[in-house]
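Structure, as structure tokens:
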Amino acid sequence: MRICIIKLSAMGDIIHSMVVLQFIKQKISNCTIDWIVEDKFKSILEHNKDIDNILPVDLSSIKLNKKNIFKQIKIVKEYGKNNYDVVIDMQGLIKSAIVSKIVGSRIVGSFISGFDKDSIRESIASWFYDKKIYIGYDKNVIDRNVRLVSKSLDINITKDELLSKNPFLYSESKIKEEYNYEIVFVVGASTQNKIYPKERFLELAQRLDKDILVVWGNEEELDIAKWLQSNCEKIKVSLKGDLNDLKNIISNAKLVIGGDTGPTHIAWALNIPSITIFGNTPEYRNTYITDINKVIKSSSDVNPLKLDKNDFSIGEIKASEIEQIAKELLS
């Protein structure tokens, strides 16, 4: 069986989808799995033994230059020549559904699978699928991905299997850190209201009194990291690196603390203890809580179908509350 998974972005969403790979390979003998992904996120998939081919696209470039659509369609059509038996759109957007339609349905008996119109934000996307799977949009994202794949491939992935999963992110990092650290702080996120205040991070570092490494991905996050370092001798700033370096750094941590963002979710994927800090996004939906992967949520009510852009309640969470969870995990 030739399977093509389409999950274009973003980092955290891709990670939450990748967990299904090991179970597909365990339950379907002699299958191959290819993955179509935005080029800037392809390194999160690299070195995973359960992915046979990573197939990059650059659909985001179309926003900058409309003419790029022709080049991208040509690339996707080439991928379609692989004659997939099953194409699974795990993204559920119109653009990913179009990609799935171009790639799929080239051989007799093949089909395209995706969420039905009541299970995704862009309901029109479901028009492109042959097999449509229902699960509420407000349900846990990992459970949603597992249900989609299970129903698409006629396999069963249990919660016990998920909780005892093997780590599924791998790296060949070129960076060799020259300092020790027990804890990794993730100080950035895609939006400002998902970022825990730097003053709170500083207080938390002082309370924990452990060697801490701060990872960063842009200049704004680097400024935060440097400010923290200048105010606490226990804090160091990571070197500039790529996603493979980030995977390597987190794999060597005893604890990762950060907001609802990709780098924090890497810890869950690697079976590394973590605390994910939630404000304007729903903790019950956006991560998987385990004995070693904990969450802390502000008091605000969250509607996953309509996130409040003015909700900055993440800043209300006390460092002392995170400290208590951290010490339990470190012990």
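The values are calculated or read from the model by the stated rules, or taken from the named source; none is laboratory data. Worth saying up front: this structure is predicted, and the values here are computed from it rather than measured. Counting neighbours? That spans all protein chains shown, and the Cβs are built from the backbone with ideal geometry, glycine included.
Remarks
- Of 247, 306, all but one fail to be of a type in the set (D, E, K, R) and under 13 Å from the mean Cα position of the chain (by Cα); the exception is 247.
- Test set (1) within 23 Å of residue 269 (Cβ to Cβ); (2) part of a helix (DSSP H, G or I) - residue 60 fails condition number: (1)
- Of note, residue 83 satisfies the criterion of being more than 23 Å from the chain's Cα centre (by Cα), assigned to a loop (DSSP other than H, G, I, E, B) and on the phi > 0 side of the Ramachandran plot.
- Condition met for residue 223 (out of contact with any Asp or Glu (no Cβ under 9 Å at 6 or more places or on another chain), modelled with pLDDT of 95 or more and either among the hydrophobic types (A, V, I, L, M, F, W, C) or farther than 28 Å from residue 252 by Cβ (or both)): no
- Against the numbered list (1) outside any loop (DSSP other than H, G, I, E, B); (2) farther than 28 Å from residue 4 by Cα, residue 210 comes up short only at (1).
- Among the residues here, residue 258 does not qualify as in contact (Cβ under 8 Å) with a residue 12 or more places away in the chain, out of contact with any strand residue (DSSP E or B) (no Cβ under 7 Å at 6 or more places or on another chain) and surrounded by 19 or more Cβ atoms within 10 Å (Cβ to Cβ).
- Those residues of the stretch 121-148 which are at pLDDT 95 or above and closer than 14 Å to residue 96 by Cβ, in sequence order: 122, 123, 124, 125, 126, 127, 128, 129, 145, 148
- Scan the stretch 257-274 for residues that are more than 15 Å from the chain's Cα centre (by Cα) and in a strand (DSSP E or B) and the total you get is 1.
- Among residues of the stretch 125-153, those that are closer than 21 Å to residue 289 by Cβ and assigned to a strand (DSSP E or B), counted: 0
- Pair list, Cβ under 9 Å, 6 or more apart: the stretch 287-303 residue assigned by TED's automatic domain parsing to the domain that holds residue 326, other residue among the basic types (Lys, Arg) and modelled with pLDDT of 95 or more: 302/285
- Members of the stretch 144-155 found to be touching a helix residue (DSSP H, G or I) at 6+ places or on another chain (Cβ under 6 Å) and either among the hydroxyl-bearing types (Ser, Thr, Tyr) or surrounded by fewer than 18 Cβ atoms within 10 Å (Cβ to Cβ) (or both), listed by number: 155
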